[in-house]
Amino acid sequence: MNDNTKKSCCSETKWVFIQDACHARGCEFTYGKCTNCNRDLIHMFHTMANNDGYYEIVKPEFVTKMQALEGNELKQFMKKWYDEIN
Ligand SMILES: [Zn+2]
């Protein structure tokens, strides 16, 4: 839970919002791109946490899958992904 200092791609990530990617495990997921290097990122924000959340780099294949899902399927997909990286 104290892994909030981890960086994604650039030391100072500037990102642009693309779309909401549901929420699971008390965590809000948002899909966006780094404006420095153009990588796909998921921003994770714990609603109970006192910080701005953190980023995780994702592959284009991940984004393609994610965007094909909605509702509960998207939620399950994000939950599985979240559990794998934590
Ligand atoms: Zn970057």
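Summary table
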quantity: Top-ranked residue in region 13-36 [being among the polar types (S, T, N, Q) and within 15 Å of GLU70 (Cα to Cα); ranked as nearest to the ligand (Cβ to nearest atom)]; calculated: THR30
quantity: Residue list for region 37-54, filter: part of a strand (DSSP E or B) and more than 15 Å from the ligand (Cβ to nearest atom); calculated: MET44, PHE45, HIS46
quantity: Residues within region 24-39 that are touching a residue at least 24 places away in the same chain (Cβ under 8 Å) and over 10 Å from the mean Cα position of the chain (by Cα), tallied; calculated: 6
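Any read-out appearing in this document is the output of simple, stated calculations on the displayed coordinates, not a laboratory observation. From a predicted model like this one, the values you see are computed outputs, not experimental measurements. Virtual Cβ from ideal backbone geometry, glycine too; neighbours counted across all protein chains shown.
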